[in-house]
Amino acid sequence: MIAAAVAPERPRLGTMFVAAQLVDWGFFTLALLGVEAMRIDPAASVMVPFDLYHMPYTHSLIGTAIWAGAMLGVVAIWQHSLRLGVLAGLVVLSHWLLDWTVHVPDLTIDGTPPNLGLGLWDYPWAAIPLELGLTAGALAFYLRRTRGPAGPPMVLAGVMLVLQAANWFAPHPASAGPFLYLQALTAFAILTGLAAWVGENRWFRKRGNLAFALQ
């Protein structure tokens, strides 16, 4: 949301949602293909019962950097702008850094030990306010920097909240497998579609612009 609101040019919000979740798109796709793997373990962390024991191609820092480089190249070519490509690439890279704050130690630098992660998923009293606060702050920034109907972003925020609440509080799956992976990919697709809808209905505010003055 922040990256989509710092400059008037595209890419808009849908593209940045893809960037933010790109390595998770990659992980669940590779898990479907048997290349990366996870299992359900209620002891993995207090909040998330996922033992993410093999994800070297998506959730190592080097792996994430490669995905970020690919996103940079795609957006730079598509938008004819190296600056926008770098912005999208940084959004991809931010995924690893934000994961590092909440994951129990299951992230790596290159797919081999040591495993890294601050483990805030073991402290719901810290993780839940942090995640909600970051999202609410990013949404407020996006709304302040753009103009347009309020309905679409409120729908997006509501769906995000519902899906996050289900992730936190709904019964956990009994086992990992294709159904779980497809469920995750479907949730990402829904949010990306809603983000694209929001982005098509909001425009960058320009100070001194008549449209801004009339707000």
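The values are calculated or read from the model by the stated rules, or taken from the named source; none is laboratory data. Quick caveat, the model's predicted, so the values are computed rather than measured. Here Cβ is always computed from backbone atoms with ideal geometry, including for glycine, and neighbour counts include all displayed protein chains. Accessible surface areas use protein heavy atoms only, side chains included; no ligands, DNA or RNA. Shrake-Rupley method; radii C 1.70, N 1.55, O 1.52, S 1.80 Å.
For the Cα trace of the range 92-215, dividing Rg by the Kirkwood Rh returns an Rg/Rh value of 1.05.
Among residues other than Q79 with Cβ under 11 Å from its Cβ, the summed charge is +2 (Lys and Arg +1, Asp and Glu -1). Legend: residues M47, M154, sorted from most to least accessible area (1.4 Å probe; ligands, DNA and RNA excluded), read M154, M47. Only alpha carbons enter this Debye calculation for the chain, each as an equal point scatterer, and the log10 of I(q)/I(0) it gives at q = 0.08, 0.11, 0.12 Å⁻¹ is -0.30, -0.57, -0.67. Computed with a 1.4 Å probe over protein heavy atoms only, the accessible area of S45 comes to about 10 Å².
What longest range of the chain stays clear of loop-exposed trypsin sites (Lys or Arg not before Pro) (DSSP non-H/G/I/E/B, at most 15 other C-beta within 10 angstrom)?
Values: sites that count: K206, R207.
Here the longest segment lacking exposed loop sites spans 1-205.
For the residues G73, G85, G34, a GNM of the chain with alpha-carbon springs under 10 Å puts the largest fluctuation on G34.
Summing -39500 (n - 2.57) over the DSSP H runs of n ≥ 4 in the chain and dividing by its residue number, what mean residue ellipticity at 222 nm do you reach, to the nearest 500 deg cm²/dmol? Can you show the working numbers first?
Values: 7 runs with 128 residues, N = 215.
That calculation yields -20000 deg cm²/dmol at 222 nm.
If the Kirkwood radius is taken over C-alpha pairs of the range 119-192, then at 20 °C and 1.002 mPa s the Stokes-Einstein diffusion coefficient equals 149 µm²/s. Amide hydrogen proximity for F50: with H placed 1.01 Å from N in the peptide plane, the residues at 5 or more positions away or on another chain lying under 5 Å are D41, S45. If a/c stays under 1.5 just call it rounded; otherwise compare a/b with b/c (prolate if a/b is bigger, oblate if not). Do that for the range 83-165, with a ≥ b ≥ c from the square roots of the Cα gyration tensor eigenvalues. Oblate.
Within a Cβ distance under 11 Å of Y53, other residues only, what is the Lys/Arg minus Asp/Glu net charge?
-3
P(r) for the range 16-115, from all Cα pairs and a bin width of 5 Å, is 3, 14, 21, 23, 18, 10, 6, 3, 1, 0 %, short bins first.
Over the range 26-76, one equal point on each Cα, no solvent: what is log10 I(q)/I(0) by the Debye formula at q = 0.18, 0.32 Å⁻¹? Treating every Cα as an identical point scatterer, log10 I(q)/I(0) equals -0.65, -1.08. For the peptides 96-105, 57-66, 14-23, 184-193, the ranking by mean Cβ contacts within 10 Å, running from highest to lowest, is 14-23, 57-66, 96-105, 184-193. The alpha carbon centroids of the range 158-191 and the range 72-97 are separated by 27 Å.
The label-point distance for E200 and I128, in a model that sets each label 7 Å from Cα toward Cβ, rounds to 3.6 nm.
Between G111, A31, A187, the Cα set farthest toward the positive side of the dipole of the chain (charges on each charged residue's Cβ, about the Cα centre) is that of A187. Rolling a 1.4 angstrom probe over the protein heavy atoms with all chains in place gives the range 117-186 an accessible area of 59 Å² per residue. For the chain, the relative contact order comes to 27 percent (Cα pairs under 8 Å, sequence separation of at least 6).
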